[in-house]
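Shown next, in structure tokens, is the structure this report addresses.
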Ligand SMILES: Cc1cc2nc3c(=O)[nH]c(=O)nc-3n(C[C@H](O)[C@H](O)[C@H](O)COP(=O)(O)OP(=O)(O)OC[C@H]3O[C@@H](n4cnc5c(N)ncnc54)[C@H](O)[C@@H]3O)c2cc1C
């Protein structure tokens, strides 16, 4: 049994190397100014080790992109200078410069008629795999570590609590705070609340995603129809990678298709999934219909039932275990709020831990203050995102949906 906590000092264990992972260490850097790079911050400022169940970075082939709509400030707070300068390399379209005039065109898929332009000032659209790779640079990320058990201990009033994580490979790690950043199906959330209270709630919507390149003629028509807004959510046809700007047939696209389906079952049969893909594509206006139907027969289509967990408070074991990102507020993606909230969590938890480590505030107080904000903001974001997804699938309600009424901005400023 290996114990990774070989040094002394306050030690944060982060479970999950998702997009959340850089906040804690970097807030410390910007405020204490000691460290010159992420690795030294982690070692000398707030010591932090990340444990990831994947065997290596981006092991899962499933990828997508996401927009930073309102969390540019918190993102900047979490990223030290070398990473800010490199952020553009993690976007889906590195040649594009964010502009205050950015917007998303929402189209009627059946007619290609524009329904509304949603303002998305200075949006940064990141490719998930590239963003994760950038965030992991210089961090102590231990791969192949799937969390199985957590154990917290509280020595006495004055000492820091200790928390031990045990992994499926039999190894363990001990620290003073464990952050569950292990995504929507969080094991840490289950530990804090029990399986019933922590369970995801299924919604009557199925989401399917695929990655494809398009024949040159179709690609040109799609680009023309999108008026160059290829890195937006428009009609679900998002560009995912642009290897050669002048040759649209090299561009990678990642369409998302969501449709109504009552119940709580998953769609797992490949033939049934392809049938649903084709049936929905057939209803689309050109050139989107041809684009979606050009997906090769043997292409992988990822499919899942959308679900959510309206955030409630948890027992944080005297400040020794907390949640962040999708683990704290798993929500649907039609209004693009999940990552924005995750980045906000990262910045706020970084500030809270700095208050403990640098300013001597009790851990229980700073963690409680962090959680009070997360629970209120998370609950609202989850419920409004779920309500929005339902309304987007109903023509009667579409125009009143949060996306059409408020765009991608948070409901509470
Ligand atoms: C199609 C799509 C489009 C989206 N668009 C947007 C958008 O435009 N804007 C936006 O703000 N959000 C968007 N989102 C949401 C966004 O992707 C998520 O909110 C965000 O990725 C959450 O990051 P996370 O780090 O909390 O979780 P994750 O990225 O899920 O990371 C969790 C990590 O924990 C690891 N893990 C899980 N269990 C364990 C375990 N037991 N032990 C160890 N490790 C474990 C996982 O392997 C994973 O690496 C979108 C989501 C999808 C699916």
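Keeping to segment 262-279, report how many residues are buried (at least 16 other Cβ atoms within 10 Å of the Cβ) and in contact with a strand residue (DSSP E or B) (Cβ under 9 Å, 6 or more places away or on another chain). Give the derivation first.
First, pick out the residues of segment 262-279 that are buried (at least 16 other Cβ atoms within 10 Å of the Cβ): 267, 273-274, 276-277.
From the residues that got through so far, the ones that are in contact with a strand residue (DSSP E or B) (Cβ under 9 Å, 6 or more places away or on another chain) too are 267, 273, 276-277.
The total comes to 4.
Residue-wise test of (1) in contact with a strand residue (DSSP E or B) (Cβ under 7 Å, 6 or more places away or on another chain); (2) within 14 Å of the ligand (Cβ to nearest atom).
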site: 78; (1), (2): no, yes
site: 110; (1), (2): no, no
site: 126; (1), (2): yes, yes
site: 132; (1), (2): no, yes
site: 154; (1), (2): no, no
site: 169; (1), (2): no, yes
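The requirement of being at pLDDT 95 or above and either under 26 Å from residue 61 (Cα atoms) or part of a helix (DSSP H, G or I) (or both) is not satisfied by residue 230. Taken over segment 303-337, residues that are outside any loop (DSSP other than H, G, I, E, B), away from the ligand (no atom under 12 Å from the Cβ) and under 27 Å from residue 264 (Cβ atoms) amount to 1. Mind checking whether some residue in segment 294-302 is more than 12 Å from the ligand (Cβ to nearest atom) and either within 30 Å of residue 196 (Cα to Cα) or outside any loop (DSSP other than H, G, I, E, B) (or both)? No, segment 294-302 has no match at all.
Kindly evaluate residue 347 against the criterion of being in contact with a helix residue (DSSP H, G or I) (Cβ under 7 Å, 6 or more places away or on another chain), modelled with pLDDT under 95 and more than 16 Å from the ligand (Cβ to nearest atom).
On the way: in contact with a helix residue (DSSP H, G or I) (Cβ under 7 Å, 6 or more places away or on another chain): yes; modelled with pLDDT under 95: yes; more than 16 Å from the ligand (Cβ to nearest atom): no.
For residue 347, the condition - in contact with a helix residue (DSSP H, G or I) (Cβ under 7 Å, 6 or more places away or on another chain), modelled with pLDDT under 95 and more than 16 Å from the ligand (Cβ to nearest atom) - is not met.
The values are calculated or read from the model by the stated rules, or taken from the named source; none is laboratory data. It should be emphasised that the depicted structure is a prediction, and the values quoted were computed from it without experimental measurement. With ideal geometry, Cβ positions are generated from the backbone for all residues, glycine too; neighbour counts draw on all protein chains shown.
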